[in-house]
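These notes concern the structure reproduced below.
Each value in this text was obtained by applying a stated rule to the coordinates, not by laboratory testing. Note that this is a predicted model, so its numbers are computed, not measured. Here the Cβ is made from the backbone with ideal geometry for all residues, glycine too, and neighbour counts use every protein chain on show.
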Amino acid sequence: MTAALASLVSPARAQAARPLVRRFPRLGALPWLDLGGRPTPLASAPRLAAALGLASLTIKEDGLAGLTYGGSKARKLELWLGDARRRGHRSVLTFGGVGSNHALATAVACRRLGLRCHLGLLHAPGGAHARAHMLGALARGAVLHAAARAHVESPASLTPGESPYVIPMGGTGPLGNVATVDAALELEGTPFDALVVAVGTTGTAAGLFVGLRAAGFEAPVIGVRASGRATANRRRIAAEVQGTVEALRAIEPRFPDVRLDASFVLDDSAAGPRYGQPTPDGLAAAVLARRLDGPIVDPTYTAKALAALVRRAPRLRGRRVLFWNTWDAREVPTGGASIEDLPRRLRGYARG
């Protein structure tokens, strides 16, 4: 291991800047890695706030977590991959759609850490975004598999005897969610009356809710559903909140016993007809944000969250809103990888 990589994964360094560990030192026992980019910056969008009638609009640019790529997914991977290394695994398997940000972030992080990466890619809209993400992962040595479902046995081409560490789709699960609990504590000292965040596999929203309540924030959290109801629903969010809190309290009994309540609002107004499909309202919100120096958003998730904020603005008039922007707009070079290097069953998505 090079000196630079040893510094990257140093437990002492990984724990030192964690607001969660500073508040609850026993949680330093978790398998933290440091993939860089934290704490992520806050930005102000006064022109967009004025257009919406808000007292202020603060953007948490969480897409910048991860040294080169990853955003909120890189936060979760710091714990998942730390656990993989602690358990002695040399390879990792995770799942996502063909244009999955989580899948690409996993490939990028595994390359940095010297872990073999398997990606089980599921059906989702193809096109330029999917092509860039698949080729970017391929260029980082990831092994891509066309998967029919998010299941450990889906890829049939694992090396005989290989036992990869399995990370849930989207990095959502109690261990990964803890990273977003930590992220919420970066907001200490930041005034806001409501927080808006996109909801996909629910882990980010659940972790933020837990972290905010643990830190004493009482502002409502507005989670905007951006995927199907089977994936993003209140029951699942409540289960993720409960599982995350139980995992934390198993290590640190002083951690508050947070449960989902009416202060979490699940907004179903912006998801659109199917996952991954841009909506007219989302695209219009993205154009408005660009014109008025607002956040850079993606059509799958954060543009829909911004569209919901635009729609809710009359109810939030005169209030201070924090928009949690998970989108990592940084491009990952695809090197010499081409469509023909993809598994045959995935090539059509890259051309679509």
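Count the net charge of all other residues whose Cβ sits under 13 Å from the Cβ of residue 284, scoring Lys and Arg as +1 and Asp and Glu as -1.
Numbers: positive: 290, 291, 304, 311; negative: 281.
Computed value for this residue: +3.
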Checklist outcome for this item: Between the modelled labels at residue 277 and residue 123 (7 Å from Cα along Cα→Cβ) the distance in nm is 1.4 nm
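Just to confirm a number: summing +1 for Lys and Arg and -1 for Asp and Glu over residues other than residue 186 whose beta-carbon lies under 13 angstrom from that of residue 186, what do you get? All intermediate terms of the calculation are to be shown ahead of the outcome.
On the way: positive: 18, 22, 23, 38, 60, 75; negative: 61, 62, 182, 188.
Within the 13 Å Cβ shell, the charges total +2.
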Checklist entry - Length gain on complete extension for the stretch residue 339 to residue 311, per 0.36 nm per residue less the alpha carbon to alpha carbon distance? => result 6.1 nm
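Do you know the relative contact order of segment 90-163, to the nearest whole percent, from alpha carbon pairs under 8 angstrom that are 6+ apart?
Numbers: 120 pairs, mean separation 25.7, N = 74.
About 35 percent, as a whole number.
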Checklist entry - With r defined as the distance between the Cβ atoms of residue 296 and residue 67 and R0 fixed at 25 Å, what FRET efficiency is calculated, to the nearest 0.05? => result 0.85
Checklist outcome for this item: Amide H contacts under 5 Å for residue 265, restricted to residues at least 5 apart in sequence or on another chain and with H modeled in the peptide plane, are 221, 222, 223
Checklist entry - Stretched out fully, how many nm does the piece from residue 148 to residue 29 gain, at 0.36 nm a residue minus the Cα gap? => result 39.2 nm
Next on the checklist: Could you tell me the relative contact order of the chain? Use alpha-carbon pairs under 8 Å, at least six residues apart, and round to a whole percent.
Outcome noted: 22 percent
Next on the checklist: Along the charge dipole of segment 121-238, pointing to its positive end and built from +1/-1 on Cβ of Lys, Arg, Asp and Glu, which listed residue (124, 144, 223) has its Cα farthest out?
Outcome noted: 124
Item to check | Net charge of neighbours whose Cβ lies under 14 Å from the Cβ of residue 45, counting Lys and Arg as +1 and Asp and Glu as -1 | outcome: +3
Item to check | Distance between modelled label sites at residue 246 and residue 87, nm, 7 Å Cα→Cβ extension | outcome: 1.8 nm
